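What follows is a single structure, written as structure tokens, with notes after it.
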Amino acid sequence: MISNLVRLPAGTVIDGWHVEKELGNGGFAVVYLVEKNGKLYALKLARHRDASGDEKRTHARVVQELSILLMLSHPNIVSPRGYGYAETGNVYLVLDYVDGWTLGEWMERKHPTAHETLSVFVKIASALAYMHSRGILHRDLKLSNVLIRKSDGEPVIIDFSCATYAQAEELTDSGLPPGTDRFRAPEQFRFLNERKDARRARYAFQVADEIFAVGAMLYELLTDARPTEHRDRFALNNPAAVPPPARPLNARVPEALSDLAESILSRDPERRPVDTEALRREFAELLAQPGADYTVPVHPPSEHWQTEPGHGAARVTLEPTRKPRSRKLRAFAAGAAVAVLAAVVALWRLPGTEPASSAERHVATRPVAPRVPSPSPKTVSPDMSAPAPIVPGDAGSSPAAVQEEVSTVKTQRPEAPKQARTGRGQKAPPMPDVCKALPLLAALAAGCPGVQVRPEPFECPAGATEAMTDVLRWHINEVFQVTIDDRHARDARLWFSAGSEVVGVVPKGIVPGRQWEVAPPGTRFLGGKVYLIPKRTPAGSPGRVIVKYDRVKVPGKDELPVCFVVETTAEALKDTAGRAFNGANGTPVTEWP
């Protein structure tokens, strides 16, 4: 029996599905990453057997989830790929593996604009409208149950363990259906309070409840720069206390979008959009808005936490930004002296010293653990013959391989830092004397003009040379084509801020040959850091932009340490930023001289 305490180790085989690792677990089931025929899937295994005294009826829930998913076929809804029984008697369900971020993680790591956020919610509403037209209600919409796929930026609704339909058996004995309290509509709590003495009173979940949950997700993304952080927050569904509108909490939220979020969270269900198709139309109307406030990140990148790859701890990024209604130093490097911090704060108030926002951050996921061979148990049932999921805009095509993590989330192209823009014939303001006395990081944080970050001599990460030459079969100093920042087109001219972090990618248009074999399209270069060198070589160039990457993820391989340097000519250098083409050549190296 699979109990609450037992986990399947890597290498376990269930009907030919090879367990790679555990992805997550909840009250009803445990989800594993599994592999079969060279492809990755998610296998959901009920926690209990049918005859184990299962008061939560988890076996029945997985069976009901399967029956619901078999009634659905939508590009933004997870698709089933197999089902059966493990040798222990536990029912399992195999689903498409969505390699992506939850909505909350997407907000923190991609820093989307209002337009990008609306584009996601249009598709969420479209999937819900399709689902509701078939009489199916999800009943547990929340940030962690919507994934943004890395390969194409598409949202995918997952986890239908709480879902129901008109003729489905009710598997909950409590007054409210299963779900997450923060995303419940306020009328559910009113119902419970009014009928607290009625033992068999059951709340009838409605489309209006689903719409409220969508509004709660949207409100979280608009008002909270770190939605995955566990902490106390304002209750969104208190029947008496209405949450404040989004715009007063975050002046970057467009007014019309703030108004729509407020209406979706109305205490009165009749004041919300009448159904999810109407909600989709309202999102689509705002998506068509051309205003400039729709094309900037909803939250300045400096307000986000950055998770260190491979670690559970978090740190604050060093990205001071000017907020719409106030100026203040957001975060500073650990270990800075109190006296230096005071000097920076003083400088911050001087005219013309507001620093420009840096580029957004990317965080790479940990590599999948290799499969350990294990004797295969008795096969109970074969795979389903389910069709491949439809990729929007390319009907009938198969999705990209799970390993190819090419982000398509776009952001507005950064312009030159505001404080560096000078008219023709004008000279840049001189560097204040106090800037010269500050440590480099402090001067950068204070926005001192003329500060440059140069690459110091460095040693490669441990094992990088062996990984490049022995595992990847790279030659030191051979040339690879790379897109420096995967969020922008290869032919774009971008302002690269010194000290900012970027993720590079090998573009699709490379010519088949040596690079195609060892660093094919979709190869991602991680841990990239931007440096500037202000030298007038070659003739007519003010300097160079250099990016050093310390990790790589080649499609089909684990993430590996590398020393990979991109060096390109800068068209212009202004203070702490350099403008250059996003497409450049890079080389594996063993050290930076």
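Values as computed for the structure displayed
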item: Total residues in region 543-559, condition assigned to a strand (DSSP E or B) and buried (at least 19 other Cβ atoms within 10 Å of the Cβ); result: 10
item: Total residues in region 266-276, condition part of a loop (DSSP other than H, G, I, E, B) and crowded, with 17+ Cβ neighbours inside 10 Å; result: 5
item: Residues being at pLDDT below 90, under 28 Å from PRO155 (Cα atoms) and in a helix (DSSP H, G or I) - total across region 189-225; result: 0
item: Single residue of SER126, SER161, SER151 found to be modelled with pLDDT of 95 or more, small (Gly, Ala, Ser) and assigned by TED's automatic domain parsing to the domain that holds PHE205; result: SER126
item: Residue that is farthest from GLU478 (Cα to Cα), among those in region 560-593 that are in contact with a Cys (Cβ under 9 Å, 6 or more places away or on another chain) and part of a strand (DSSP E or B); result: PRO561
item: Residue in region 277-287 that is more than 20 Å from VAL122 (Cβ to Cβ) and surrounded by 15 or more Cβ atoms within 10 Å (Cβ to Cβ) present; result: no
item: Condition met for ILE68 (on the phi < 0 side of the Ramachandran plot and at pLDDT below 95); result: yes
item: Complete set of residues in region 236-260 that are in contact (Cβ under 8 Å) with a residue 24 or more places away in the chain and not in a helix (DSSP H, G or I); result: LEU236, ASN237, ASN238, PRO239, VAL242, PRO243, ASN250, ALA251, ARG252, VAL253, PRO254
item: Residue that is in a loop (DSSP other than H, G, I, E, B), assigned by TED's automatic domain parsing to the domain that holds CYS460 and under 24 Å from the mean Cα position of the chain (by Cα), where the choices are GLY527, GLY499; result: GLY499
item: Subset of region 518-542 that is of a type in the set (Lys, Arg) and at pLDDT 85 or above - its residue that is surrounded by the most Cβ atoms within 10 Å (Cβ to Cβ); result: ARG524
item: Condition met for TRP516 (over 13 Å from PRO588 (Cβ atoms), in a helix (DSSP H, G or I) and not assigned by TED's automatic domain parsing to the domain that holds SER151); result: yes
item: GLY509 surrounded by fewer than 22 Cβ atoms within 10 Å (Cβ to Cβ), assigned to a loop (DSSP other than H, G, I, E, B) and free of Cβ contacts under 8 Å to residues at least 24 places away in the same chain; result: yes
item: Positions within region 560-592 being in contact with a helix residue (DSSP H, G or I) (Cβ under 7 Å, 6 or more places away or on another chain), among the polar types (S, T, N, Q) and buried (at least 18 other Cβ atoms within 10 Å of the Cβ), in sequence order; result: THR576
item: Some residue of region 104-114 being hydroxyl-bearing (Ser, Thr, Tyr) and over 27 Å from GLN289 (Cβ atoms); result: no
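The values are calculated or read from the model by the stated rules, or taken from the named source; none is laboratory data. Computed from a prediction, not measured in an experiment: that's the story for all the values here. Cβ coordinates were reconstructed from backbone atoms using ideal geometry, including for glycine residues, and neighbour counts include every protein chain displayed.
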